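Participant: Below is a structure I'd like to ask you about.
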Amino acid sequence: MADHNDLGAWGEEQARDFLVGKGYAILDTNARFGKNELDIVARHHDRIVFVEVKTRTDDEYDPLDAIDSKKISHLCRAAEAYVTAYNIPQPVQFDVIVVIGEPGKESRVTHYPDAFMPPLSRF
């Protein structure tokens, strides 16, 4: 596995641990629907939460810049496929978690709940 894949897997683990600590129940990870992937699917209170995780070794560049309209479109398509496949009746939300750090060193996790609304979707 490439170094960036190792870093991404580590960041997703950090994000899952963070969410569990905040009372989220992890339902699925790395759920693929065609070319689209959902990093984390969780339940929190009465909602299903689709979480996109961005991991960087430093904060030189804002990882949120990677959440552009194209990425949002892919996430929404994957979320709609997930909701349909599993007949999910609950309301949904889209969160973003940014992890800055690397394995073996101190890391910083920043959670952006309800980070964006899906554009013109059935949600």
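The values are calculated or read from the model by the stated rules, or taken from the named source; none is laboratory data. If you're wondering where the values come from, they're calculated on a predicted model, not measured in any experiment. For neighbour counting, all protein chains shown are included, and Cβ atoms are generated from backbone atoms with ideal geometry for every residue, glycine included. Ligands, DNA and RNA are stripped out before the accessible areas are found, and what is left, the full protein with its side chains, is counted by its heavy atoms. Shrake-Rupley method; radii C 1.70, N 1.55, O 1.52, S 1.80 Å.
Participant: Grab the beta carbon distance between LYS70 and GLU13, set R0 = 35 Å, and tell me the FRET efficiency rounded to 0.05.
Facilitator: 0.85
Participant: Pop the C-beta distance of ASP46 and ASN5 into the FRET formula with R0 = 30 Å and round what comes out to the nearest 0.05.
Facilitator: 0.30
Participant: If you filter the range 40-83 for GluC sites (Glu not before Pro), then keep DSSP loop positions with at most 10 other Cβ within 10 Å, what is left?
Facilitator: Those satisfying the criteria are GLU60.
Participant: Then there's this: Kindly provide the helix-only [θ] at 222 nm of the chain, computed as the sum of -39,500 (n - 2.57) over DSSP H runs of four or more divided by all residues, to the nearest 500 deg cm²/dmol?
Facilitator: -10000 deg cm²/dmol
Participant: Still on this structure, I have one more. Please give the direction-averaged projected area of the C-alpha convex hull for the range 21-66, in square nanometres with one decimal.
Facilitator: Average of the hull's projected areas for the range 21-66 equals 4.5 nm².
Participant: Based on the Kirkwood radius over alpha-carbon pairs, what is the Stokes-Einstein translational diffusion coefficient of the chain at 20 °C with 1.002 mPa s viscosity, in µm²/s?
Facilitator: Translational diffusion coefficient: 145 µm²/s.
Participant: As a test of reading the structure, rank ARG32, ARG47 by solvent-accessible area (1.4 Å probe, protein chains only), most first.
Facilitator: The residues order as ARG32, ARG47, largest area first.
Participant: Could you pull the accessible area for LYS71 with a 1.4 Å probe, rounded to 10 Å²?
Facilitator: Approximately 60 Å² for this residue.
Participant: Pull up the cross-link candidates among the lysines for LYS71, meaning alpha carbon to alpha carbon under 26 Å and not fewer than 8 places away within one chain.
Facilitator: LYS22, LYS35, LYS54
Participant: Also, I was wondering about something else. Considering only protein heavy atoms, with the full assembly of protein chains and a 1.4 angstrom probe, order VAL20, VAL83 by accessible area, largest first.
Facilitator: Sorted descending by solvent-accessible area, the residues read VAL20, VAL83.
Participant: Where does each of ASP46, ASP58, ASP95 land when they are ordered by accessible area, with a 1.4 Å probe and the largest first?
Facilitator: Final ranking, largest accessible area leading: ASP46, ASP58, ASP95.
Participant: Any idea what the dipole of the chain comes to, in debye rounded to 20, about its Cα centre with Lys/Arg Cβ at +1 and Asp/Glu Cβ at -1?
Facilitator: I would put it at about 580 debye.
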